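Written below as structure tokens is the structure these notes are about.
The values are calculated or read from the model by the stated rules, or taken from the named source; none is laboratory data. These numbers come from a predicted model, not from an experiment. Here the Cβ positions follow ideal geometry from the backbone for every residue, glycine too, while neighbour counts run over all protein chains shown.
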Ligand code: AMP
């Protein structure tokens, strides 16, 4: 397993693999890897001959008020995890390698990025689409792996690949959770003990919503109100949004008459956490 910091090194390695007729999977991450990321690496290792993991805290997807500086980083730990899960190459560039002086081209998307997280994070998906496009161009993978934990991101990337005729397959992978239900996230490290307990309201709300859908409830307001009531019962929790949207277009729907995504963002203290379920996975 190798760690490289330059685009040229990634290209040289992938060229060598291609010359041997090998397939390549890409797992884009911001590092500080946990079992959620590991599940994507496992999936890529299963489907492809070689797996590249990008490990880059992308400044372009953070607004000035967000946690770019404090975002946790530990490349040594990441390298051990990637190696243990069969990854072959970590691409760990400096921001200057990805965004040279005078960088001025962006991949922007309307509609899908204007709902859910796009409302409180208006520049976020432009940063995500731009960096993911760059990674696709650098690695030119056969497949790329994304977690359903970031459900809107997965829908946005699928849409971008379709719109721009990018020549790869996007694979969505299930949410990996702690034993008590909390979705694994690099940002969970921000939580103190009381907040860590309070954060369980997100996965508990997912369970409430899932049960209602499983029992045949189709009125989105009924589902969302019960989930919100539960979250609001926790004093440390403040709802950013809890919404039901069309799973493909990310537009809000009043009735469950098509595949839907129920997504939420909730502040626990100062930490913003997300969780969700797709009705198709129930
Ligand atoms: P991040 O490093 O947070 O940008 O995440 C990199 C990739 O890992 C994204 O595709 C995420 O959706 C995915 N991921 C993060 N946490 C989880 C999780 N708990 N379960 C599954 N995938 C995850």
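Among the criteria (1) within 18 Å of the chain's Cα centre (by Cα); (2) farther than 20 Å from residue 176 by Cα, the one residue 203 does not fulfil is (2).
Residue by residue, here is whether (1) buried (at least 18 other Cβ atoms within 10 Å of the Cβ); (2) in contact with a helix residue (DSSP H, G or I) (Cβ under 9 Å, 6 or more places away or on another chain); (3) not in a strand (DSSP E or B) holds:
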{"site": "250", "(1), (2), (3)": "yes, yes, yes"}
{"site": "265", "(1), (2), (3)": "yes, yes, no"}
{"site": "272", "(1), (2), (3)": "yes, yes, no"}
{"site": "275", "(1), (2), (3)": "yes, yes, no"}
{"site": "280", "(1), (2), (3)": "no, no, yes"}
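The set of residues in the range 11-39 being assigned to a helix (DSSP H, G or I), touching a strand residue (DSSP E or B) at 6+ places or on another chain (Cβ under 7 Å) and within 16 Å of the ligand (Cβ to nearest atom) consists of 36, 37, 39. The residues on offer are 169, 80, 96, and the sole one that is within 20 Å of residue 32 (Cβ to Cβ) and modelled with pLDDT of 95 or more is 80. Residue count for the range 73-113 satisfying the condition of being touching a residue at least 60 places away in the same chain (Cβ under 8 Å), farther than 24 Å from residue 43 by Cβ and either outside any helix (DSSP H, G or I) or out of contact with any helix residue (DSSP H, G or I) (no Cβ under 9 Å at 6 or more places or on another chain) (or both): 1.
Please work out if residue 261 is surrounded by 14 or more Cβ atoms within 10 Å (Cβ to Cβ) and part of a strand (DSSP E or B).
Yes, satisfied.
Per the listing 129, 117, the residue uniquely more than 19 Å from residue 165 (Cα to Cα) and assigned by TED's automatic domain parsing to the domain that holds residue 20 is 117.
Remark: pairs (first residue in the range 175-188, farther than 12 Å from residue 33 by Cα and touching a residue at least 12 places away in the same chain (Cβ under 8 Å); second residue in a loop (DSSP other than H, G, I, E, B) and within 6 Å of the ligand (Cβ to nearest atom); Cβ separation under 9 Å; 6+ apart in sequence or on different chains) = 175/184; 176/184; 177/184; 183/175; 183/176.
Filter the range 115-131 down to the residues that are more than 18 Å from residue 275 (Cα to Cα) and part of a helix (DSSP H, G or I) and list them by number. Residues satisfying the conditions are 126, 127, 128, 129, 130, 131.
For residue 53, are the conditions met, namely being surrounded by fewer than 20 Cβ atoms within 10 Å (Cβ to Cβ), within 11 Å of the ligand (Cβ to nearest atom) and without any contact (Cβ under 8 Å) to a residue 40 or more places away in the chain?
On the way: surrounded by fewer than 20 Cβ atoms within 10 Å (Cβ to Cβ): no; within 11 Å of the ligand (Cβ to nearest atom): yes; without any contact (Cβ under 8 Å) to a residue 40 or more places away in the chain: yes.
Considered against the rule, which asks whether it is surrounded by fewer than 20 Cβ atoms within 10 Å (Cβ to Cβ), within 11 Å of the ligand (Cβ to nearest atom) and without any contact (Cβ under 8 Å) to a residue 40 or more places away in the chain, residue 53 comes out as no.
The numbered conditions (1) surrounded by 15 or more Cβ atoms within 10 Å (Cβ to Cβ); (2) over 17 Å from residue 133 (Cα atoms); (3) within 16 Å of the ligand (Cβ to nearest atom) are all true for residue 46 except (1).
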